[in-house]
Amino acid sequence: MISKAEARDLINDLFEEEALIIGGLVAVHVVDDDLVWRLVKSLDVIRGKILRRIEDEESEREITHQCQADNGKPHPAIEEFLLSVRRA
């Protein structure tokens, strides 16, 4: 089992990589500025929840995902990613 410090480092590394991916996509595609800010803020909220769960072992297991299209269904890419995460 890994230590809390190692878990925090892994989580922070993961979110750093995600931010770099988003930054790369934004650099080569036209993306609404407000969308980028909302996405990054949401990722930061999720990161904070996960880091708190490391410290508070009794927290909830589920994180609410707010990545839904206007019709209330997740984008197919998001849905596929979530399925792969849940299978792991």
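Fully extending the segment from Arg52 to His29 would add 4.9 nm, taking 0.36 nm per residue of separation and subtracting the current Cα-Cα distance. Considering only the other residues whose Cβ falls under 15 Å of the Cβ of Gly24, what net charge follows from Lys and Arg at +1 and Asp and Glu at -1? Its environment carries a net charge of -3. Less than 25 Å apart at the alpha-carbon level, and either on another chain or at least 8 residues along: which lysines does that give for Lys73? Output for Lys73: Lys41, Lys49. Each 10 Å bin from zero up to the one holding the largest Cα-Cα distance in segment 12-57 carries the following percent of pairs: 25, 47, 21, 7, 0. The slack between Glu79 and Ile2, meaning 0.36 nm per residue of separation minus the straight C-alpha distance, is 24.8 nm.
Where the accessible area of segment 1-54 is counted over protein heavy atoms with a 1.4 Å probe, how much of it, in %, is carbon and sulfur? Each step should come with its number before you reach the end.
On the way: 2740 of 4260 Å².
So the carbon and sulfur contribution to the accessible surface is 64 percent.
What's the ranking of 4-17, 39-52 by average number of surrounding C-beta atoms within 10 Å, highest first?
On the way: 4-17: 12.3, 39-52: 14.0.
Ranked from most to least packed, the peptides come out as 39-52, 4-17.
The values are calculated or read from the model by the stated rules, or taken from the named source; none is laboratory data. Computed from a predicted model, the values in this text were never measured in an experiment. Neighbour counts are summed over all protein chains in view; Cβ atoms, including those assigned to glycine, are modelled from backbone coordinates with ideal geometry. Accessible surface areas use protein heavy atoms only, side chains included; no ligands, DNA or RNA. Shrake-Rupley method; radii C 1.70, N 1.55, O 1.52, S 1.80 Å.
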